[in-house]
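Here, each number is a calculation from the coordinates, and none is a lab measurement. Everything quoted here is computed from the prediction, not taken from an experiment. We place every Cβ from the backbone using ideal geometry, glycine too, and count neighbours over all the protein chains shown.
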Amino acid sequence: MKFTDYTYSRPNYDDIKVKMADLTEKLAVAASTEAARQIVQDITAISSAVDTQMNLWSIRHSIDMRDEFYNQETVFWNEHNPLFDELWTNYYRVIVDSPYRPDLADLLPETFFMLAENRLQTFSSDAIPLFQKENELVDQYNNLMATAQLDFRGQTYNLSQMGPFNQSIDRATRKEAAETMTSFFEKHETDFDRIYDQLVKTRHEIATTLGFKDYVEYGYKMMNRFDYNRDMVKVYREEILKHVVPAVQKLRQRQAKRIQVPDLKYYDLILEYLDGNATPKGSPEELVAQAKKMYQELSPETGQFFDFMVEHDLLDLLAKEGKDTGGYCTYIADYQSPFIFANFNGTSADIDVLTHEAGHAFQVFRSRWIPSPEVIWPTYESCEIHSMSMEFITWPWMESFFKDQVNKYKFSHLASALFFLPYGVLVDHFQHEIYEHPEMTPTERKNTWRRLSELYLPDRDDSESDFLSRGGFWFRQGHIFASPFYYIDYTLAQVCALQFWKRTQVDQDPTAWEDYLRICDLGGTKTFLQIVEAARLQSPFKEGALESTITAAMSYLDSIDDTEL
């Protein structure tokens, strides 16, 4: 079957509610392990069926946000997702106290129960109207971003399609493109401020309704951070300031010299070479064919996986009108199919997003043996190890995508990993302060971003843009609106991925691939630090781990003569 043949049918909530109530009641009084096992399997089948339909709606809605049918389905899902969550929560309440819990370990690993216990603390029927409101506000943000139409030099583009102009070797073009994008956010400043203000207040009310001090405390439970807390994250942020920010400043100085500007402005940051950044060579179809060849050569496991993705049309990669921004991977449970969504725009980011999302997809493809849908995926920071590491593991094949620009690509790719760390920590720190002070006004939020940006990104010069100088850049960071606190995860995973980079590309460690494959197979049956241990990596929280990782990356970058790029 092709993806277009996967059937979407809106679930009948009333019927499912009756079935779930009956099964949950029977589970509570089950007289044997066998009876409990059958009920758990029946509930799992219902959960997978609902999740399948939700993902089919979500994918098709994001592919074309002008499609009226899926726009109407969005209304249904915004309203009913919290109602379905209520049904699963009732099930969790029974299963965590079941006397048969130890006998169900093959169906429900320990992490399932850890997730279930967190769900019981982060969900309440009393908060359903608030969850519904949150969903509606996130959809407003997504629609605002997806329907953006930017007039640039006589043509109309969406936000994703502006990418190549931001990398132009002509400084005037870069500046004009950056100003065009910024003007969109400034024009809609009132809308973005209103949506986020309501989101912050709604989320704070969710947290207090459920008995939490603030949404930060709630967020750590919601994100299932079993191995670390906000104090550990605070220390980690300080380590980024100490070890990474100075390294990034050195790299930015090299960049300014390479592109021959006296001072880097915000519109210069994306251009890394005076003759242009590395770009992939070939049409999207040719790039997918190269990716297929690459994964067949990488290993039998990745070959089987990517063949499956191509044969079933499980990749939607081109930027086009009406399409949502960004990139993601999701999983369609009843078809056992990962799905990759991207917005190719002719820049090196096309290959980054392809290998990144393929890392996610490969992990969930390898984890299809796990019977519990809740733990096919690990927690978010673990998920990002698979994706970010895959970007580096595939380095030996980058020449097939970038030809004679491959060295430029590799230098930029590794440098961008370091550039990202302070920014990723900035996004996390910003959210901590916002949700610790939900009473902030929109102006105070922008002031907070500006203050923290000066701390983590001291090399960023927004002086030629009033809007950016006022602290408005974060409007374009969708995670801040749609996935609160999902960002430090990327940085923690990046530190792990850089270790895989060193093992595979510098040390030529023959055991690195088997370690990577092992953690893909684990899925969500282990916690973050257990997965790090299984991969034989150092924890990002371990003293010295960050310093040694950054030192290795900088040593590689320092060994390269910029004039040869």
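If I model a spin label at residue 83 and residue 543 as a point 7 Å from the Cα along the Cα→Cβ vector, what separation in nanometres do I get?
5.5 nm
Determine, for each peptide in 3-13, 36-46, the mean count of other beta carbons within 10 angstrom over its residues, then list the peptides with the highest first.
Descending mean neighbour count gives 36-46, 3-13.
Just to be sure I understand: of the beta bridges DSSP finds with both ends in the chain, what percent are antiparallel, rounded to 5? Numbers along the way, then the final one.
Working: 8 of 11 bridges.
The answer is about 75 percent antiparallel.
Based on the Cβ-Cβ distance from residue 18 to residue 551, what FRET efficiency comes out when R0 is 51 Å, to the nearest 0.05?
Efficiency for this residue pair is about 0.25.
Over 28 Å between Cα atoms: which of 234/526; 201/250; 408/502; 242/446 fall into that group?
Check vs 28 Å cut-off fails for 201/250.
Can you compute 3J(HN,Hα) from phi for each residue in the stretch 503-508, using the Karplus curve 6.51 cos²θ - 1.76 cosθ + 1.60 with θ = phi - 60°, rounded to whole Hz and x for Gly and Pro?
5, 8, 9, 9, 7, 6
Based on the alpha-carbon gyration tensor of the stretch 453-505, what equivalent-ellipsoid semi-axes (square roots of 5 times the eigenvalues) come out, in whole Å, largest first?
Values: eigenvalues 166, 56, 13 Å².
They are 29, 17, 8 Å, listed from largest to smallest.
How far, in nm, would the chain grow between residue 28 and residue 439 when pulled straight, counting 0.36 nm per residue and subtracting the alpha carbon separation? List each step's numbers first, then the result.
Numbers: separation 411, 0.36 × 411 = 147.96 nm, distance 4.31 nm.
Residue separation times 0.36 nm, minus the Cα-Cα distance, leaves 143.7 nm.
Using only alpha carbon pairs under 8 Å that are at least six residues apart, calculate the relative contact order of the chain and give it in whole percent.
On the way: 729 pairs, mean separation 100.6, N = 565.
Value for the chain: 18 percent.
Please state the shape class of the stretch 384-442: rounded when a/c is under 1.5, otherwise prolate if a/b exceeds b/c and oblate if not, all from the C-alpha gyration tensor.
Verdict is prolate for the stretch 384-442.
Can you tell me how much longer the chain between residue 313 and residue 292 gets when fully stretched, taken as 0.36 nm per residue apart minus their C-alpha distance, in nm with one decimal? Present the calculation step by step, with values, prior to reporting the outcome.
On the way: separation 21, 0.36 × 21 = 7.56 nm, distance 1.29 nm.
In short, 6.3 nm is gained.
Please report the orientation-averaged projected area of the stretch 350-413, defined via the convex hull of its C-alpha atoms, in nm².
Working: hull surface 18.9 nm².
Reported value for the Cα convex hull: 4.7 nm².
Any idea what log10 I(q)/I(0) is at q = 0.15, 0.22 Å⁻¹ for the stretch 3-107, Debye with uniform C-alpha scatterers and no solvent?
Per q value, in the given order, log10 I(q)/I(0) is -0.68, -1.10.
Rounded to the nearest 20 Debye, what is the dipole magnitude of the chain about its Cα centre when Lys and Arg each give +1 and Asp and Glu each give -1 at the C-beta?
Values: 56 positive and 88 negative charges, 157 e Å.
Roughly 760 debye for the chain.
How much length, in nm to one decimal, is gained on full extension between residue 67 and residue 4, taken as 0.36 nm per residue of separation minus their Cα-Cα distance?
Taking residue 67 through residue 4 to full extension adds about 21.2 nm, to one decimal.
Amide H neighbours of residue 318 under 5 Å, counting only residues 5+ apart in sequence or on other chains, H built in-plane at 1.01 Å?
344
Averaging the inverse of every distinct alpha carbon separation and then flipping it gives the Kirkwood radius. What is it for the stretch 469-548, in angstrom units?
Radius from the Kirkwood sum: 14.6 Å.
With r as the distance between the Cβ atoms of residue 110 and residue 183 and R0 = 45 Å, compute the FRET efficiency 1/(1 + (r/R0)^6) and round to 0.05.
Step by step, r from the Cβ atoms, then E = 0.30.
Kirkwood hydrodynamic radius for the chain: how many Å is it when counted over pairs of different Cα atoms?
On the way: mean 1/r = 0.0404 Å⁻¹.
One decimal place: 24.8 Å for the Kirkwood radius.
At a threshold of 8 angstrom on Cα-Cα distance, excluding pairs fewer than six apart, so keeping six or more, what relative contact order does the stretch 433-540 reach in percent?
17 percent
Be a star and scan the stretch 271-299 for residues whose amide nitrogen sits under 18 Å from the point 7 Å along the Cα-to-Cβ vector of residue 169.
Counting backbone N atoms under 18 Å from the label point, the list is 271-282.
Among the helices of the chain (complete DSSP H runs), which have Cα atoms covering no less than 15 Å along the helix axis and a Kyte-Doolittle mean of at least 0.5?
Working: long enough: 13-28 (22 Å, -0.37); 33-63 (44 Å, 0.03); 68-95 (40 Å, -0.80); 110-122 (18 Å, -0.23); 128-146 (27 Å, -0.43); 171-187 (23 Å, -1.02); 189-209 (30 Å, -0.93); 230-243 (20 Å, -0.94); 245-258 (20 Å, -1.26); 284-298 (21 Å, -0.73); 300-311 (16 Å, -0.18); 349-366 (25 Å, 0.09); 380-393 (20 Å, 0.05); 406-436 (44 Å, 0.15); 442-456 (21 Å, -1.75); 488-501 (20 Å, 0.84); 512-522 (16 Å, -0.07); 545-558 (20 Å, 0.58).
Result, helices passing both filters: 488-501, 545-558.
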